[in-house]
Amino acid sequence: MGKNVLVDFQDGVLQITMNRPEVLNALSLELLEELRHEFEDAAQNPEVRAVLFSGSGRGFCAGADLTSTRIGGDVGEVIERYYNPVVRAIVGMPKPVLAAVNGVASGAGLSLALACDMRLLSSSAVLTLGFTGIGLVMDAGCSYFLPRLIGRGRAFELAYSGRRIEAEEAKHLGLGEVVLEADSFSDDAWAYTRRVAMGPTLSFASVKEQLNRAEDNDFEVQLALEVKLQRRAVASEDAREGMAAFLEKRLPKFCGK
Ligand code: T3D
């Protein structure tokens, strides 16, 4: 589409890379539109079994592009039109989306990483809320995901202090799941995502749906969802292959169907 986002497809992994390295991939409206387009395309493309989301250069994403100030206009319209569709596309996509946080993630850049299914952190990654440092509030889903990931008190402490969180602490808090060495981060993050893409990705899609719904469903509704999704999973090619491989004492070869 445009030049603010790079895409690369290999072995079932679609890599979507924000590409404004000179401003740490700060989110211009053009970049957000391109992201929306790529995530929506990835959701529709049956060849794509997992998505790896990263930033080019030394940053992951420094949040809203502060050079194109929206003060005076209706920021709510901007958020609804440009930011929230990207978040919805990530969360609604029936496939795993892994954020590869290669460097600093701030403000809405952190929100986008938190919307992903998991976060691979470079050992040199730094996370910061950013919003309150410039008198703003959390947006692009941050206020939804952050307390669910780390708890309300910790979420408030990070918002109030705006402090920098390094990779190991981020993992300890629950903001990231895996820390990988900075020197080989992009190769290792890609290899990690490829292993995910080789898995039973249809079952991963249902697990994603279970986890999305678990945030708000009550117990009985969630049990009913498990029954519905397990019926579908049992009928899949991957479930047949998984069970056959177990009985034949061999490794399964999943196709994502
Ligand atoms: O209107 C709306 O869209 C509302 C929505 C708001 C949601 C939000 O995301 S609010 C939060 C916005 N983001 C921030 O407040 C973070 C601003 N950036 C920083 O605090 C720092 O740059 C970092 C902590 C992220 C990284 O620091 P450092 O020292 O590693 O890098 P740097 O030197 O500050 O930045 C490198 C360049 O990127 C620099 O440009 P220069 O001087 O080399 O020409 C810097 O100005 C530019 N840059 C960094 N962040 C942004 C940016 N340019 C535009 N917008 C940015 N957000």
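Every read-out reported here was derived from the displayed coordinates using simple, explicitly stated rules and does not represent laboratory data. For clarity, every value in this text was computed on a predicted model and none was experimentally measured. Using ideal geometry, Cβ is built from the backbone for each residue, glycine included, and neighbour counts are taken over all protein chains shown.
Tabulated values for the structure
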item	result
Within region 97-129, backbone nitrogen closer than 12 Å to the virtual label 7 Å beyond the Cα of R163 toward Cβ	none
Cleavage-rule hits (GluC sites (Glu not before Pro)) in region 198-257: DSSP loop, at most 12 neighbouring Cβ within 10 angstrom	E215, E248
Label-to-label distance, nm, for residues given as V75 and A235 (7 Å Cα→Cβ offset)	4.8
Set of region 112-156 residues, backbone N closer than 18 Å to the point 7 Å along the Cα-Cβ line of A43	112-118, 140-142, 145
Of the GluC sites (Glu not before Pro) in region 160-202, those whose Cβ has at most 11 other Cβ within 10 Å and which sit in DSSP loop	E181
Taking the chain and dividing mean pair separation by its residue count, relative contact order in percent (alpha carbons under 8 Å, at least six apart)	17
With eigenvalues of the C-alpha gyration tensor scaled by 5 and rooted, region 201-247, Å	24, 11, 7
For region 10-61 versus region 98-134, the gap between their alpha-carbon centres in whole angstrom	14
For the chain, share of DSSP beta bridges that run antiparallel, in % to the nearest 5	25
Column: log10 I(q)/I(0), Debye, Cα scatterers of the chain, q = 0.09, 0.13 Å⁻¹	-0.41, -0.84
Long-range lysine pairs (8 or more apart or interchain), the chain, Cα under 17 Å	5
The chain - charge dipole about Cα centre, Lys and Arg +1 at Cβ, Asp and Glu -1, debye rounded to 20	500
Cα centre as origin, Lys/Arg/Asp/Glu Cβ charges: region 201-247 dipole, Debye	200
